[in-house]
Each structure stands twice: as structure tokens, then as C-alpha cells.
1. Rounded to the nearest 0.05, what FRET efficiency is calculated for Arg130 and Arg109 with R0 set to 41 Å and r the Cβ-Cβ distance?
2. From the backbone phi of region 86-97, what are the Karplus-calculated ³J(HN,Hα) couplings (6.51 cos²θ - 1.76 cosθ + 1.60, θ = phi - 60°) in whole Hz, Gly and Pro given as x?
3. Going by amide H atoms built from the backbone, whose H comes under 5 Å of the H on Tyr93, apart from near neighbours?
4. Place a +1 charge on the Cβ of each Lys and Arg in the chain and a -1 charge on the Cβ of each Asp and Glu, then give the dipole magnitude about the Cα centre in debye, rounded to the nearest 20.
5. As I understand it, the dipole of the chain uses +1 on the Cβ of Lys and Arg and -1 on the Cβ of Asp and Glu, about the Cα centre. Which of Leu45, Pro19, Leu57 lies farthest toward its positive end?
6. Short version: ³J(HN,Hα) in whole Hz for each residue of region 15-21, in order, from phi by Karplus 6.51 cos²θ - 1.76 cosθ + 1.60 (θ = phi - 60°), x for Gly and Pro, what are they?
7. Mind checking which lysines have their Cα closer than 26 Å to the Cα of Lys114? Skip sequence neighbours fewer than 8 apart in that chain.
8. With the other protein chains left in place, how much accessible area per residue, in square angstrom, belongs to region 1-61 at a 1.4 angstrom probe?
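The values are calculated or read from the model by the stated rules, or taken from the named source; none is laboratory data. It should be emphasised that the depicted structure is a prediction, and the values quoted were computed from it without experimental measurement. Neighbour counts run over all protein chains shown; Cβ positions are idealised from the backbone, glycine included. Areas reflect the complete protein model, heavy atoms only, side chains present, ligands, DNA and RNA absent. Shrake-Rupley method; radii C 1.70, N 1.55, O 1.52, S 1.80 Å.
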Amino acid sequence: MWIRLDDGFADHRKFFEDPLHGAICQLIQVRALCWAGRYLTDGHLPVHIISKFLVGLEHIGIVDGTVGQDASEIDWAAQMISSGLWDKTVSGYRIHDYLDYNPSKKEYRELIEKRKQSGKAGGQASAQAR
């Protein structure tokens, strides 16, 4: 599977409105997009999976003036919501506008089936030509 990532993603305003957390939010967003694409979740992110997107953040310190904080101490899901990247759902979160840019599970499965049928038809035509 694949995901669509707009070429303006790297400098999207949502990441620069909060420069202290923006770069880490970008990382989390890419991880979330890839996971949702791989597992065909239509952008839904269950609560239990969020920790996978945070791996490695325990080694990052965030400094704002004289105040320092470990990135692992931040509620990143809440940060993603406040940045407008995710929406809260009953069972976890949803990547905002995911289906506006990426195919749904149903659309992806239809595409795979169409390709499968085309390949089958092409193989049959080739066999008949021989």
C-alpha cells in the first residue's frame, strides 16, 4: 500500500504555528499516515497504537527559553489534535482529511481487484495469441 503526501507537507502552516512542537508533530504524522495506509484503516488510529508513533522521543529534549522538557512527557495525541492534524473519535483518533487525499479501504480493494482482472484478461489474451 502507499499513501499520498502533498509536496507542501514539509512547510504546512500547522507545523509552524507551534514551532516548539511542529517538527515532532511532522514525524508523528508521517508515522501515523504510513500505519493507516499499511493497515487500511481509513485514517483511524486506535489508542493502543499511538505509542508506536512515539518511539525514540524519549531521547529528545525540548527547550523553550530556560524551561526544558523531555518529549516523552508531552501528550502528543492532544498536541496532534490541537494542531488540527487529528480528530478525537470514540475509539481513538482519526487523521484529519485522510480520505480527502488517500483511497479508502474499499477503493483500494476495488483497485486491486480491477488490476487482478486486467492481468488475468491480459494473460488470457496473450495465451490465445500464441
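1. Calculated value: 0.80.
2. For region 86-97, the Karplus curve yields 10, 10, 7, 10, 4, 9, x, 9, 9, 5, 4, 6 Hz.
3. Under 5 Å from the amide H of Tyr93: Leu45, Val47.
4. About 1200 debye.
5. After comparing all options, I get Leu45.
6. Calculated HN-Hα couplings, in order: 8, 9, 5, 10, x, 5, 10 Hz.
7. Lys105, Lys106
8. 60 Å²
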